[in-house]
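S.K.: Structure provided below as structure tokens; questions to follow.
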Amino acid sequence: MTGDRPAPSSRPAAGRQPADSDTAWWRRAVIYQVYPRSFADSNGDGIGDLPGLLSRLDYLASLGVDAVWISPFYRSPQDDNGYDISDYQDVDPMFGTLADVDALIAGLHERGMKLIIDVVLNHTSDEHPWFTESRSSKDSPKRDWYWWRPARDGLPAGSPGAEPTNWRSFFSPSAWQLDEATGEYYLHLFSVRQPDLNWENPEVRGALYAMLRWWLDRGVDGFRMDVINMVSKRLPLRDGPPLPGGDGYGDGWASFISGPRIHEFLRELHAEVIAGRDGAPLTVGEMPGVSLDDAAVFTDPASAEVDMVFQFEHVELDRDPSDRLAVRPLRLTSLKASLARWQAGLATAGWNSLYFGNHDQPRAVSRYGSADPAHREASAKLLATVLHLHRGTPYVYQGEELGMTNYPFASADEIADIESRHYYRQAVDAGQDPAQALAALRRRSRDNARTPMQWDASPHAGFTTGTPWLPVNPNYPGINAAAQAGDQDSVLSYYRRLIALRHDLPVVAEGDFTLLLPGDERIWAFTRRLGATELLVVANLSDGPAEAGIPAGRDWAAAELLLSNYPPPAAATLVLRAWEARVYRRSGRAQPPVG
Ligand code: TEU
Ligand code: CA
């Protein structure tokens, strides 16, 4: 029993695909992220693939999502699991073929869903022919497609500290790699095998726009653009402030986050690729370090840049800024305040994306909820309720709808992720106790999100008939899609109701947002309002009962309970059980603001 259920969606499944004239379809949409390597394996090689995904489209349709964002499937040496692309216009044989992408587009469209592909425009693989050509000689016509620089003045190339700037890279010590062929360094903000493209060169931008148009012509419905706010670099490239650790590296952030030409570049991309297209292709820009002020400009429709951004403020709150692996305690008050700040900042122009998890983040239930078996399901439903009832477009990361948890890594050898391996090595080299570094990885590693999707209770959770590339979480016999599909009380069924609620109630998609009880460390409460319809969301993020002491609480407790993760309460009070979440509705008269 999970409380009152919303009426079944008034729209038939096939009607879910919005008409072409619907230019803001994504404001009422829920988007599901597929990490193809870990979703479903069709051929027993242990790696998820497109035919595997194709075989699961009915599952996605039954969840009710409007669109699928798929992480990269392009040709790639897989140094960073496909975020290192060597051919933007082909599929890696590991994942399938272009014909499989066509089938995916058709299969999703038939079921009323759209396809958003993930494009990595800041860098390519070092095996991309553009880079092979660029590195071949200083006179190459593509030399200027990447960032080449000589050694620092007065220092021989390759000597310590001779890198053109002191920037640290995300996945290796220096952001510069010396290339012996020409004796110059190239820039790579991420791995050594992910050289940064030079967006100052109009030929580079033109080639990327042509590629994006080619995908739209093929039928995709939009783009998630990887680290897109890093494409404009501040010139001249300069040293950044020294980072803690005393290894001489500096923070280059100010030189490449939302750089001087970023708005110009995104406007140009929009004009060259998106403007005038049928179906209002969606653009969502992944933007680490983006400020709210910048996001308001990026996402204001009047700017014609992107429809929404992935910002990082709320997922950085529990991260020690001086040590990317270290975890610091997260206060509920900070988390609520952060989301509320973005709600307010993008209330009149612009639009929020809403997420707790993705392929780079630990599992949401382990991080913000409780993975304790006594509370796991309730807390997974609670987190979903709170997130999906905010204003913006919610994203569901594969397995989140099952309440999948972090993986109990027992040794650093079990971790495949390039980022985790890099930070582990760095920590241990700097003298940190390996057991402590492993404990941090257990909470932090991106591989927590990348263990295979848990389909059923058969070996390897039904993900593969072979050996999975990353181990399946041992909790799969109890946490899997098959067990949850027919169970009205499951996390999966709850997600279906929540997604339907957004489709059915305009106030969920468009209503304004007011945070209540900002200082409460256990209760997350807010209202939403559109015209005369008002919703109250109350949630208890603690292991014991807690009362939501909101003004006019008693009136609310007598209102219609739209959705809850517990059986209806015995008394009309706002005393919530452990990890209980409730959504109330009242309407019919215009309400004064509460709180
Ligand atoms: O991630 C961008 C990014 O900044 C990540 O480093 C992220 O903050 C970090 O992994 C969190 O632990 C994007 C992709 O989502 C990621 O998978 C890629 O590795 C990265 O870009 C490089 O393309
Ligand atoms: Ca496979």
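The values are calculated or read from the model by the stated rules, or taken from the named source; none is laboratory data. Bear in mind the structure is a predicted one, so any value in this text is a computation, not a measurement. All Cβ positions, even for glycine, are placed from backbone atoms using ideal geometry, and neighbour counts span all protein chains on display. Keep in mind that these areas ignore ligands, DNA and RNA; they rest on the heavy atoms of the full protein, side chains included. Shrake-Rupley method; radii C 1.70, N 1.55, O 1.52, S 1.80 Å.
S.K.: Using Cα-Cα distances under 8 Å and only pairs 6 or more residues apart, what relative contact order does segment 107-162 have, in percent?
M.R.: The normalised contact order for segment 107-162 reaches 16 percent.
S.K.: While we're here: Let's see if you can work this out: charge +1 on each Lys and Arg Cβ, -1 on each Asp and Glu Cβ, no other charges. What is the dipole magnitude of segment 408-481 about its Cα centre, in debye to the nearest 20?
M.R.: 160 debye
S.K.: Could you work out the pair-distance distribution P(r) of segment 280-410 from its alpha-carbon pairs, with 10 angstrom bin width and percents rounded to whole numbers?
M.R.: The distribution over segment 280-410 is 11, 41, 34, 12, 1, 0, given as percents.
S.K.: Taking +1 at the Cβ of each Lys and Arg and -1 at the Cβ of each Asp and Glu, which of 89, 107, 117 sits farthest along the dipole of segment 73-122 towards its positive end, judged by Cα position relative to the Cα centre?
M.R.: Most positive-ward Cα: 107.
S.K.: Residue-wise, which Karplus ³J(HN,Hα) couplings in Hz belong to segment 60-71, taking 6.51 cos²θ - 1.76 cosθ + 1.60, θ = phi - 60°, and x for glycine or proline?
M.R.: Values, residue by residue: 5, 5, 6, 6, x, 6, 8, 8, 10, 9, 10, 5 Hz.
S.K.: What Kirkwood Rh does segment 104-237 have if only Cα atoms enter the pairwise 1/r average? Answer in Å.
M.R.: 16.4 Å
S.K.: Using square roots of five times the C-alpha gyration tensor eigenvalues, list the equivalent-ellipsoid semi-axes of the chain in whole Å, biggest first.
M.R.: Calculated on Cα positions only, the semi-axes equal 40, 26, 25 Å.
S.K.: If I take every Cα pair under 8 Å that is 6 or more residues apart in the chain, average their sequence separation and divide by the length, what percent do I get for the relative contact order?
M.R.: After rounding, I find 15 percent.
S.K.: Check cross-link reach from residue 381 to the lysines: straight Cα distance under 18 Å, and skip same-chain residues fewer than eight apart.
M.R.: Result set, ordered by chain and number: 336.
S.K.: For segment 237-345, what is the convex hull (Cα atoms) projected area averaged across all directions, in square nanometres?
M.R.: Result: 9.0 nm².
S.K.: If R₀ is 22 angstrom, what is the calculated FRET efficiency for the pair residue 304 and residue 203, using the beta carbon separation as r and rounding to 0.05?
M.R.: Calculated value: 0.45.
S.K.: Now a separate question. Give me the dipole magnitude in Debye, nearest 20, for the chain about the Cα centre, with unit charges on the beta carbon: positive for Lys and Arg, negative for Asp and Glu.
M.R.: It works out to roughly 1800 debye.
S.K.: Can I ask one more? Magnitude of the Cβ-charge dipole of segment 124-163, K/R +1 and D/E -1, about the Cα centre, nearest 20 debye?
M.R.: In debye, rounded to 20, segment 124-163 gives about 100.
S.K.: May I ask what percent, to the nearest 5, of DSSP beta bridges between residues of the chain are antiparallel?
M.R.: About 60 percent, rounded to the nearest 5.
S.K.: Now, a different point. Applying the Karplus parametrisation 6.51 cos²θ - 1.76 cosθ + 1.60 with θ = phi - 60° to the phi angles of segment 360-366, what ³J(HN,Hα) value in whole Hz is obtained for each residue in order, glycine and proline being reported as x?
M.R.: 9, 10, x, 5, 4, 5, 6
S.K.: Round to the nearest 10 and give me the degree value, 0 to 90, for the angle of helix 491-504's Cα axis relative to the longest principal axis of the chain.
M.R.: Once rounded, the angle reads 80 degrees.
S.K.: Okay, moving on. Under 5 Å between amide hydrogens, which residues at least 5 positions from residue 69 or on another chain qualify, with H placed 1.01 Å from N in the peptide plane?
M.R.: Those qualifying (amide H under 5 Å, at least 5 residues apart or on another chain) are 32, 33, 34, 116.
S.K.: Considering the dipole of the chain built from charges on the beta carbon (Lys and Arg +1, Asp and Glu -1) around the Cα centre, which of 262, 335, 78 is farthest to its positive end?
M.R.: 335
S.K.: Moving on. Quick one: which residues, 5 or more positions from residue 74 or on another chain, have an amide H under 5 Å from its amide H? H modelled 1.01 Å from N in the peptide plane, none for Pro or chain starts.
M.R.: 92
S.K.: Right, here's the next one. Ranked highest first by the average count of other Cβ atoms within 10 Å around their residues, in what order do 225-231, 196-202 fall?
M.R.: In decreasing order of mean packing, 225-231, 196-202 become 225-231, 196-202.
S.K.: Further, regarding this structure: Taking H as built 1.01 Å from N, whose amide H comes closer than 5 Å to the amide H of residue 174, not counting residues under 5 places away?
M.R.: 169
S.K.: Still on this model: Report the calculated FRET efficiency for residue 106 and residue 331 (r = Cβ-Cβ distance, R0 = 41 Å), to the nearest 0.05.
M.R.: Efficiency, from the Cβ-Cβ distance: 0.30.
S.K.: Given the convex hull over the Cα atoms of segment 457-595, what projected area results after averaging over all orientations, in nm²?
M.R.: Convex hull of Cα atoms, orientation-averaged projection: 10.9 nm².
S.K.: Something else about it: To the nearest 500 deg cm²/dmol, what mean residue ellipticity at 222 nm is calculated for the chain from DSSP H runs of n ≥ 4 alone, each contributing -39,500 (n - 2.57), summed and divided by the residues?
M.R.: Estimated from H runs of four or more residues: -7500 deg cm²/dmol.
S.K.: In Å², and per residue, what accessible area does segment 510-570 have when probed at 1.4 Å with the other protein chains present?
M.R.: 39 Å²
S.K.: Also, I was wondering about something else. Projecting each Cα onto the charge dipole of segment 473-595 (Lys/Arg +1, Asp/Glu -1 at the beta carbon, about the Cα centre), which of 492, 539, 557 comes out farthest on the positive side?
M.R.: Comparing the listed Cα positions along the dipole, 557 ranks first.
S.K.: Let me ask another. Could you sort 416-423, 403-410 so that the peptide with the highest average Cβ count within 10 Å comes first and the rest follow in order?
M.R.: My ranking of the peptides, most packed first, is 403-410, 416-423.
S.K.: If you consider only alpha-carbon coordinates, what radius of gyration and Dmax does segment 155-204 have, in Å?
M.R.: Looking at segment 155-204, its Cα Rg and Dmax stand at 11.4, 34 Å.
S.K.: Hey, can you find the accessible area per residue of segment 280-410 for me, probe 1.4 Å, expressed in square angstrom?
M.R.: Roughly 28 Å² per residue, with all protein chains present.
S.K.: Which order do the peptides 327-335, 116-124 take when ranked by the mean count of other beta-carbon atoms within 10 Å per residue, highest first?
M.R.: Averaged packing, sorted descending, gives the order 116-124, 327-335.
S.K.: Still on this structure: In degrees, nearest 10, range 0 to 90: what is the angle between the Cα axis of helix 202-218 and the longest Cα principal axis of the chain?
M.R.: 40 degrees
S.K.: Give, in nm to one decimal, the length gained when the segment between residue 132 and residue 62 is fully stretched (0.36 nm per residue of separation minus the Cα-Cα distance).
M.R.: 20.7 nm
S.K.: Per residue of segment 22-39, in order, report the coupling 6.51 cos²θ - 1.76 cosθ + 1.60 (Karplus, θ = phi - 60°) as ³J(HN,Hα) in whole Hz, putting x for Gly and Pro.
M.R.: 7, 7, 10, 4, 6, 6, 10, 9, 10, 10, 10, 9, 10, 9, x, 4, 10, 8
S.K.: Of all the accessible heavy-atom surface of the chain, with the other protein chains kept in place and a 1.4 Å probe, what percent is carbon and sulfur?
M.R.: 52 percent
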